[in-house]
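**Q** Before anything else, here's the structure in question.
The values are calculated or read from the model by the stated rules, or taken from the named source; none is laboratory data. None of the values given here were measured: they were computed from a predicted structure. Virtual Cβ from ideal backbone geometry, glycine too; neighbours counted across all protein chains shown.
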Amino acid sequence: MSYDLIYWLDLFGVAIFALSGTLMAGRYQLDPFGVVVLAAVTAIGGGTTRDIILNVPVFWLADPTYLYVILLTALFTILLVRKPRLIPKRFIMVADAFGLALFAVLGTQKALALGMPASVAIVMGTMTGAFGGMLRDVLCNVIPMILRQEIYATAAALGGGIFVLLVKLDITETLAMLLAISVALSLRLAAVYWRVSLPAFAFVDQELTNKSSKR
Amino acid sequence: MSYDLIYWLDLFGVAIFALSGTLMAGRYQLDPFGVVVLAAVTAIGGGTTRDIILNVPVFWLADPTYLYVILLTALFTILLVRKPRLIPKRFIMVADAFGLALFAVLGTQKALALGMPASVAIVMGTMTGAFGGMLRDVLCNVIPMILRQEIYATAAALGGGIFVLLVKLDITETLAMLLAISVALSLRLAAVYWRVSLPAFAFVDQELTNKSSKR
Amino acid sequence: MSYDLIYWLDLFGVAIFALSGTLMAGRYQLDPFGVVVLAAVTAIGGGTTRDIILNVPVFWLADPTYLYVILLTALFTILLVRKPRLIPKRFIMVADAFGLALFAVLGTQKALALGMPASVAIVMGTMTGAFGGMLRDVLCNVIPMILRQEIYATAAALGGGIFVLLVKLDITETLAMLLAISVALSLRLAAVYWRVSLPAFAFVDQELTNKSSKR
C-alpha cells in the first residue's frame, strides 16, 4: 500500500520546509520560539490552506507528529547552524524546491482521492506546494519565490499535471508519484541553477559562491 | 430568475480581477504560470475567504469554469499586452474598482441568502470585494489599495449596505444588485479620478500620463 | 460559570486589538472605513483563523456584538485621537501585548474544550493571539512583531502552556486563565520594556520619546 509512503513523504516534506523556514528565520535573529512559528507556517501553511478549501479536517489536528517534526527540525537546525546569516540563500532555495515538488504532487493526489476534477486537483497541488513558502516570504517581507522570474508555480503545476496524467494511464500511484516529484524537482532545480549560472556560464566554479550569496 | 445574472456577473468579476492580477504580475517579469497564479489569487481570493468563513463549499471547487476563465484571461492578456510595464497603474485601479464593486454586492447577496444578519452580510461583501486585491498587493509587496487614502473599503461597504437596504424595501434583487453595484463603482471611480486630478485640476490633459505612471 | 468571564475577556481582547489596529492605521491616513477594516482584521483575524482550522462556526458570525465593538472602538479612537502619527509605537505594542496574552489563553481554552490534544491547543492559542497582529503588520508592510527579536510567540505559547498545565492540575478554569494571562502579559511587557530601556537604562526619562518614536 502506498499510504505509508505518502505519510513518510509528507513528514519529509514538512521537515524540509521547516528547515527552509528556520534558515530564513535565522536571518532575522528571532527568539527560538519565533523561529519555530516561522518554520511551522512554512511547513504546514500550504497543506492547511488545501484542507480548509477542500473542507476536510486539517491534517495536523489529528496527528501531532507533524508539530513535533517541525519543533525538532527547528531546534536541531538552531543548534547545529551557528551562523544562519552565512547560509547561502541558494541553500534555502534548494530545500524549498524539494518541499515544492513533494507537496505539489501529494496535494494533487489528496484532491484526486477526494474526487475533485483534474483541474481543481492540480490547483490544489500547486497551492499545497507553493503557499507555505509564500506565507514564509510574505511574513519576512520578501517578494515570494512564486513572484520571481524562475520557473516556480510552473514546476508545481507540471508535477501535479504529470501525476494526473500517469494515474489516468493506469500507472501505479507510487510510481506516478515518484516520477512526478522527480520531474517537478528537476525542473525547479534546473531553473535555480540556470538562473545563477547563465550570465557567466563558463565561470560557474569560481563565481558560484559570490553569486549565490549576492542573491 | 436572477441566478443566471449572478453567475454571469460573478464570472465577469473573476475575469476583471484576473486581468488586474495579470497586469500587476506583468510588472514583475514572471514566467507565464506565475502570472496565472497571481491572477487566480486576485480573482478568487475574496470569494474563497468568504466561503471558508461562511463554511459553505468553496464556489470554484464544483465548477472549474472559474479556473478556465482565469487561465484564458491571463493568457489572452499576456499575448495581447506586450509591454506590461507601460500599462499605467490607473488602468489596474479601474479594473480593480469594477471587481471591488461587483464582488462586494455579490458577496453581500450570498451571505444574506444564507441567512446571515445584515451587519455580517456587509462584512462578507466587503471581504469578497477587497480580499482578492489585498492578497495580490501583499504578494507584490505593495501597500494594499485598502490601506490607501482613497475611498476603497467605504465603496465596498456602501455597495453592500445599499443592496441590503433595497432588498429590505422589496425592490427586486436584480435591480437592487445593479443599483448597488453602480453606486459602489461610481464612488470608487470618482475617488480614483479625484485623487489624480485634484492637485492639478486644470492640467489634467497634459499631466495625466506622468501622474498615473508616477503612482 | 466562567463562560461569562470568557465572553467578556474575549470582547475586551477584541476592543484592545481593534484599538491597536486603529492606531496603526492612523499612521497611513486612511479614510475612516479603511481604518475599521484594519481594526477588524487585527481584532478577529486570529480567532477567525483558529475557528476555520478547527472547523467550528466562526465566532463572530452568530454574534455581531464583536463587529459592533470593533466599529465603536475604531470610531471612538478616531474621534479622540486627533494626531495618530504622534502616538508612540510603544503604545501600540502595549495594546498588542494585552491582546496577545488574552487571546493566546482564550484560544488554548477553546481548543482544549473541543477535545484537541495539548500540543494542538497550544498551537491554536499562539495562532489566536498572534495572527491578528500579524495580518495587521503584513497589510501595513511592516515586519510582523512575531518576527522581531523580542519574546513574542514565546509569551503566547507560554501562556497557553501554563493554562494547559494548571487545568491538568485541577485548578479552576477561571483562576488558571487569569494566572496564564498574567504570566504571558508580564513576559511580553517585560520584553518590550527591556528592549527599549536596556541600551541606555539610566537615561530612560529623557530619551523615552525619541527612542519609542524611532522604533
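**Q** Please go through segment A:59-73 and pick out each residue that is surrounded by fewer than 19 Cβ atoms within 10 Å (Cβ to Cβ) and either within 7 Å of another protein chain (Cβ to nearest Cβ) or in a loop (DSSP other than H, G, I, E, B) (or both).
**A** We begin by selecting, within segment A:59-73, every residue surrounded by fewer than 19 Cβ atoms within 10 Å (Cβ to Cβ); these are A:59, A:62-65, A:68, A:71-72.
Result: A:Phe59, A:Ala62, A:Asp63, A:Pro64.
**Q** For C:Leu79, are the conditions met, namely being modelled with pLDDT of 90 or more, surrounded by fewer than 16 Cβ atoms within 10 Å (Cβ to Cβ) and either in contact with a strand residue (DSSP E or B) (Cβ under 6 Å, 6 or more places away or on another chain) or away from chain B (no Cβ under 12 Å) (or both)?
**A** On the way: modelled with pLDDT of 90 or more: no; surrounded by fewer than 16 Cβ atoms within 10 Å (Cβ to Cβ): yes; either in contact with a strand residue (DSSP E or B) (Cβ under 6 Å, 6 or more places away or on another chain) or away from chain B (no Cβ under 12 Å) (or both): yes.
The answer is no for C:Leu79.
**Q** While we're on this one: Looking at segment C:21-50 only, could you name the residues that are without any contact (Cβ under 8 Å) to a residue 40 or more places away in the chain and either outside any helix (DSSP H, G or I) or closer than 23 Å to C:Val120 by Cα (or both)? It would help to see each step written out before you state the result.
**A** Filtering segment C:21-50 down to residues without any contact (Cβ under 8 Å) to a residue 40 or more places away in the chain leaves C:29-31, C:33-34, C:36-37, C:39-40, C:48.
Within segment C:21-50, C:Gln29, C:Leu30, C:Asp31, C:Thr48 qualify.
**Q** If a residue must be assigned to a loop (DSSP other than H, G, I, E, B), among the hydrophobic types (A, V, I, L, M, F, W, C) and at the interface with chain A (Cβ under 7 Å from one of its Cβ atoms), how many such residues does segment C:132-153 contain?
**A** We begin by selecting, within segment C:132-153, every residue assigned to a loop (DSSP other than H, G, I, E, B); these are C:140-144, C:148-152.
Add one more test, that the residue is among the hydrophobic types (A, V, I, L, M, F, W, C), and what stays is C:140, C:142-143, C:151.
Checking the rest, the ones that are also at the interface with chain A (Cβ under 7 Å from one of its Cβ atoms) come to C:143, C:151.
Number of matching residues: 2.
**Q** Looking at C:Gly99, C:Gly107, C:Gly125 in this structure, which one is in contact with a Gly (Cβ under 6 Å, 6 or more places away or on another chain), touching a residue at least 40 places away in the same chain (Cβ under 8 Å) and closer than 15 Å to C:Ala176 by Cα?
**A** C:Gly107
**Q** Take the conditions away from chain B (no Cβ under 13 Å) and at pLDDT 95 or above and apply them to A:Phe103. Does it pass? Talk me through it step by step, then tell me what you get.
**A** Details: away from chain B (no Cβ under 13 Å): yes; at pLDDT 95 or above: yes.
In short, yes.
**Q** Inspect all residues belonging to segment C:165-174 and state whether any of them is crowded, with 23+ Cβ neighbours inside 10 Å and in a helix (DSSP H, G or I). Walk me through how you get there before you give the answer.
**A** Pass one, segment C:165-174, residues crowded, with 23+ Cβ neighbours inside 10 Å: none.
No, there is no match, as no residue in segment C:165-174 is crowded, with 23+ Cβ neighbours inside 10 Å and in a helix (DSSP H, G or I).
**Q** State yes or no: is A:Glu173 among the acidic types (Asp, Glu), within 14 Å of chain B (Cβ to nearest Cβ) and in contact (Cβ under 8 Å) with a residue 12 or more places away in the chain?
**A** no
**Q** Please indicate, with yes or no, whether at least one residue in segment A:50-68 is under 16 Å from A:Arg136 (Cβ atoms) and of a type in the set (Val, Ile, Thr).
**A** no
**Q** Let me ask something else. What is the residue count in segment C:99-117 for residues that are in a helix (DSSP H, G or I) and surrounded by fewer than 24 Cβ atoms within 10 Å (Cβ to Cβ)? Walk me through it before giving the result.
**A** Step one: of segment C:99-117, the residues in a helix (DSSP H, G or I) are C:99-113.
Now drop any that are not surrounded by fewer than 24 Cβ atoms within 10 Å (Cβ to Cβ), which leaves C:110, C:112-113.
Selection size over segment C:99-117: 3.
**Q** What are the residues in segment B:16-41 that are of a type outside the set (A, V, I, L, M, F, W, C) and closer than 14 Å to B:Asp96 by Cα, if any?
**A** Step one: of segment B:16-41, the residues of a type outside the set (A, V, I, L, M, F, W, C) are B:20-22, B:26-29, B:31-32, B:34.
Passing the criteria: B:Ser20, B:Gly21, B:Thr22.
**Q** Between B:Ala157, B:Ala184, B:Ala180, which is away from chain C (no Cβ under 14 Å) and either in a helix (DSSP H, G or I) or crowded, with 21+ Cβ neighbours inside 10 Å (or both)? Give the steps one after another, and end with the answer.
**A** Numbers: B:Ala157 fails: away from chain C (no Cβ under 14 Å); B:Ala184 fails: away from chain C (no Cβ under 14 Å).
From the options B:Ala157, B:Ala184, B:Ala180, the qualifying one is B:Ala180.
**Q** Related question: Identify the single condition in (1) within 12 Å of another protein chain (Cβ to nearest Cβ); (2) of a type outside the set (D, E, K, R); (3) over 30 Å from B:Leu112 (Cα atoms); (4) touching a residue at least 24 places away in the same chain (Cβ under 8 Å) that C:Leu112 does not satisfy, given that it satisfies every other one.
**A** (1)
**Q** If you take the residues of segment C:118-135 that are under 11 Å from the mean Cα position of the chain (by Cα), of a type outside the set (Gly, Ala, Ser) and under 13 Å from A:Ala40 (Cβ atoms), which of them is surrounded by the most Cβ atoms within 10 Å (Cβ to Cβ)?
**A** Of everything passing the filter in segment C:118-135, C:Thr126 is surrounded by the most Cβ atoms within 10 Å (Cβ to Cβ).
**Q** Filter segment C:1-55 down to the residues that are among the small types (Gly, Ala, Ser) and facing chain B (nearest Cβ under 10 Å), then identify the one that is surrounded by the fewest Cβ atoms within 10 Å (Cβ to Cβ).
**A** The first filter runs over segment C:1-55 and keeps only residues among the small types (Gly, Ala, Ser), leaving C:2, C:13, C:15, C:18, C:20-21, C:25-26, C:34, C:39-40, C:43, C:45-47.
Cutting the leftovers down to facing chain B (nearest Cβ under 10 Å) gives us C:25, C:34, C:40.
Numbers: C:Ala25: 27, C:Gly34: 24, C:Ala40: 27.
Across segment C:1-55, the extreme among qualifying residues is C:Gly34.
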